[in-house]
Amino acid sequence: MIPDNESYTGELNQSALSLAITGEPSGELTDAEIAGLLFMIEEEKLAGDVYSALNERWNLRVFENIGRAETTHQAAIKTLLARYTLSDPRKEEGVFANESLQDLYDDLVAQGSLSVKDALLTGAAIEEIDILDLEEYMAQTDREDILLVYDNLKRGSENHLRAFVNNLDRQRIEYAPQYLSQKEYDRIIKG
C-alpha cells in the first residue's frame, strides 16, 4: 500500500527558505545556472498551469492541493531570480516563453483532458520530468543557495509523484514509471 500523503503537498516555507539562503554568497552565475533557473521557474509554472486546467476539468483534490504547492515552488525560484537580478520569464496562465514548454503544456493538457486516469497519469509524468530536470540542473551548479532550492523542489516533486500514484492506486490502476528508472521510482515510492 502506498502511503496516503495527499494532504502533504510539498509547499515550501518561503520565509525559512529566504533566511536559509541569506547567508550564502551570491555573485556571477554561469550561463548554465541562469538557463537552469529560467527553465525551472517556467517548468514549475507549467505544472501549476496544467494542474489548474485539469482541476477545472475533473475537480480532483489532488490537482488543487499540488497546484497550490507549485505556486510556492515558483516563489522559491523567484527568490533566486531576484537575488541574481534575473528577469522573470513567466507569462499569463498557459503561456510560456520557452517554446518546448509551451508545446509540452499543450500536449499535457490535451492528454489529461481525456479521462480521470489520463489526468492522473499526466500529473505523475509531470513530476517525473520535474525530478529528472532538477537532478540535471543540480549537477550543473555548486552554489549552495541554488542547490538548497532545487533539493527542496525535488523533495516536493517526489511527494507529488507519490500523491498521484496513490490516487491511481485508489482507482485500481497500477502505475509504472514513464521517465524515471524503475530503481529510482521504487526509491521514491518507498520514500
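The values are calculated or read from the model by the stated rules, or taken from the named source; none is laboratory data. Everything numeric in this text was worked out from a predicted model, so none of it was measured. Neighbour counts are summed over all protein chains in view; Cβ atoms, including those assigned to glycine, are modelled from backbone coordinates with ideal geometry. We work out accessible area using only protein heavy atoms, side chains counted, and drop any ligands, DNA or RNA first. Shrake-Rupley method; radii C 1.70, N 1.55, O 1.52, S 1.80 Å.
Below are the figures for this structure:
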| read-out | value |
| --- | --- |
| Some residue of region 60-81 being on the phi > 0 side of the Ramachandran plot and open to solvent by 40 Å² or more (accessible area, probe 1.4 Å) | no |
| Residues located in region 104-142, provided they are in a helix (DSSP H, G or I) and farther than 18 Å from Ser52 by Cβ | Lys117, Glu128, Ile131, Leu132, Asp133, Leu134, Glu135, Glu136, Tyr137, Met138 |
| Breaking point among (1) more than 21 Å from Asp142 (Cα to Cα); (2) open to solvent by less than 40 Å² (accessible area, probe 1.4 Å); (3) modelled with pLDDT under 95, for Ile21 | (1) |
| Subset of region 134-153 (residues that are surrounded by fewer than 19 Cβ atoms within 10 Å (Cβ to Cβ) and either in contact with a strand residue (DSSP E or B) (Cβ under 9 Å, 6 or more places away or on another chain) or not small (Gly, Ala, Ser) (or both)) | Glu135, Glu136, Met138, Gln140, Thr141, Asp142, Glu144, Leu147, Leu148, Asp151 |
| Those residues of region 88-103 which are in a helix (DSSP H, G or I) and aromatic (Phe, Trp, Tyr), in sequence order | none |
| Unique residue being farther than 27 Å from Asp142 by Cα and in contact with an Asp or Glu (Cβ under 7 Å, 6 or more places away or on another chain) when the list is Asp49, Asp103, Asp107 | Asp49 |
| Of residues in region 82-119 being among the basic types (Lys, Arg) and surrounded by fewer than 16 Cβ atoms within 10 Å (Cβ to Cβ), the one nearest to Glu44 (Cα to Cα) | Lys91 |
